[in-house]
């Protein structure tokens, strides 16, 4: 029982709290009910209706106002009609544009961001905003629609799947037994052979190949980071492949901007499918014995500026990261190096016996490319 309530036969009564007072209270209740019915009957704005609901709740709760909302903060009190500026659930708004930070040479490019109440996305304090599910959906491996990736987030790459070279499962074969001296010496010879190759033998002058081979022999299985900046610098064919991919993507974005008839700077997020690239020992001895072949993809944005004045040239700003992934594993059917010194079956056997371990390799780098194109 609440402390402010009591039974009628136990509550103290004032001498003037009798008779006509019940008639007066009844009149007040009838008056409030009539006004409330009129409010809801004529379809008053939801905010007004919510305030009446809050007031009635307070009366019914006998002053326990903390059990009722005040109507102003109710999530159901937002209007369904468009706002005065044309935004709202029934009136899609145009994107607003926020300047990018200027680089050393300055830039006029902008990133499109939608107002808080636009059905294309959410923002601000969230009041009156549309559900984020209404934003365009981004498909990894493609150029997406403007606004399909939230500002500041990296577009997703498609799932990576390297089937591997088929060297087998790590530790799938038991180490040789103590009395099998021949098998112990054979596997020990492989470890000594490739350790010597890494420490200045066959891999002299190949720092990355040396590092990765020793990591394999270390038997940890931990992933390593690939310095993609260095890889691009030292493998010219890879840099060329990345540049060609960028130019193709930029042209596609410019073509789409022209089809859309953009009148403002517009940003398209993108990611690419995983593609394979390979080098040889003539182009880069180090990277041939480090990776040989690998997969790469790009993620980023292409910001397109429409023609100005009498020009018909669309200017674009290309910003991307180049991503590389690879499984450091061995093909049992291959021998590489001078006189076939690297017998990959021997290395694969160390992996299967659990004496060395293959591992994942990945890395990313940032890069910016500016240019101009016409539709």
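The values are calculated or read from the model by the stated rules, or taken from the named source; none is laboratory data. Source: prediction; values computed, not measured. Heads up, the Cβs are rebuilt from the backbone with ideal geometry, glycines too, and the neighbour counts pull from every protein chain shown.
Being over 26 Å from residue 241 (Cβ atoms), touching a residue at least 12 places away in the same chain (Cβ under 8 Å) and surrounded by fewer than 18 Cβ atoms within 10 Å (Cβ to Cβ) is a description that does not apply to residue 310. Please determine whether any residue of segment 285-296 is crowded, with 21+ Cβ neighbours inside 10 Å and within 21 Å of the chain's Cα centre (by Cα). Yes, that holds for at least one residue.
If you go through segment 194-207 one residue at a time, do you hit one that is surrounded by fewer than 16 Cβ atoms within 10 Å (Cβ to Cβ) and either within 16 Å of residue 361 (Cβ to Cβ) or under 30 Å from the mean Cα position of the chain (by Cα) (or both)?
Pass one, segment 194-207, residues surrounded by fewer than 16 Cβ atoms within 10 Å (Cβ to Cβ): 195-196, 199-201, 204-205, 207.
If we keep only those that are either within 16 Å of residue 361 (Cβ to Cβ) or under 30 Å from the mean Cα position of the chain (by Cα) (or both) as well, we get 207.
Yes: segment 194-207 contains one or more residues that are surrounded by fewer than 16 Cβ atoms within 10 Å (Cβ to Cβ) and either within 16 Å of residue 361 (Cβ to Cβ) or under 30 Å from the mean Cα position of the chain (by Cα) (or both).
Elements of the type strands (runs of 3 or more DSSP E) sitting completely within segment 263-369 and holding at least 1 residues that are closer than 30 Å to residue 210 by Cα: these cover 275-278, 293-305, 314-328.
For segment 144-159, the criterion of being loosely packed, with under 12 Cβ neighbours inside 10 Å, farther than 16 Å from residue 299 by Cβ and modelled with pLDDT under 90 is met by none of the residues. Whenever a residue of segment 142-156 is under 22 Å from residue 258 (Cβ atoms), its partners that are at pLDDT 90 or above and surrounded by fewer than 17 Cβ atoms within 10 Å (Cβ to Cβ), lying with C-beta atoms within less than 6 angstrom and at least six residues away or across chains, give the pairs 143/252. Among the conditions (1) closer than 21 Å to residue 339 by Cα; (2) part of a loop (DSSP other than H, G, I, E, B); (3) under 41 Å from the mean Cα position of the chain (by Cα), the only one that residue 213 does not satisfy is (2).
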